[in-house]
Amino acid sequence: MRFSLSRRERAGVRGNNATNYFMPAKKKISKTKPTSPTQQRLWLMYPPRLIKKPFIWEVAKKFKVTTNIRQASVTDEIGIVCLELDGKRDEVKAAIKWLEKQGVNVEPVEISAIEG
C-alpha cells in the first residue's frame, strides 16, 4: 500500500485558508529570562590606582557567577584582563554594573571568526 501526500500537505498548509498555502507557520519568539544561564567575555581595564584591588575575587564572592581569566597583562600603569563570566543573566549584568561602579572600564570582547 502506498501513501502519498497532497500538494497542500507537502507544503505544510494548515486549515482551509488559501493564504496559508503561501505563508510559513509563525514561530514563537521567546524572551530571554533574567534567570537563564549566560556566558560573557569582557575586557577589564584598571587604572593605576585600582591595580592592587582583587576585583575578580570580589565579583565571585558578591555575585553568583563563575570567573575565568582568559588573558591578562598587568603593569604599574595599567591592568588589562580578559574575563569570562558565567551565571544567570541578571547576576552577570549586576556583576558588570558593580565593576563599572568601582571604576573598572568594562567592554565586551569582539570574537573573531578564527576564535569563534
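The values are calculated or read from the model by the stated rules, or taken from the named source; none is laboratory data. The structure presented is a predicted model; accordingly, all values stated were derived computationally and were not measured. Neighbour counts run over all protein chains shown; Cβ positions are idealised from the backbone, glycine included.
A few comments on the model shown:
- Residue in the range 61-71 that is more than 17 Å from Glu107 (Cα to Cα), basic (Lys, Arg) and either out of contact with any strand residue (DSSP E or B) (no Cβ under 9 Å at 6 or more places or on another chain) or modelled with pLDDT under 95 (or both) present: yes
- A Cβ distance below 6 Å, combined with a sequence gap of six or more or placement on separate chains, defines the contacts here; from the range 73-97, residues that are over 24 Å from Lys52 (Cβ atoms) reach residues that are of a type in the set (Ser, Thr, Tyr) and at pLDDT below 95 in the pairs Lys88/Thr35; Arg89/Ser36; Arg89/Thr38; Val92/Thr38.
- Any pair with Cβ under 9 angstrom, 6 or more apart, that starts in the range 48-68 at a residue that is closer than 14 Å to Ile78 by Cα and ends at one that is among the small types (Gly, Ala, Ser) and outside any helix (DSSP H, G or I): Pro48/Gly79; Arg49/Gly103; Leu50/Gly79; Leu50/Gly103; Ile51/Gly79
- Within the range 80-93, the set of residues being more than 11 Å from the chain's Cα centre (by Cα) and either crowded, with 18+ Cβ neighbours inside 10 Å or within 14 Å of Trp57 (Cα to Cα) (or both) comprises Val81, Leu83, Glu91.
- Test: Val104 is in contact with a helix residue (DSSP H, G or I) (Cβ under 9 Å, 6 or more places away or on another chain) and at pLDDT 90 or above: yes
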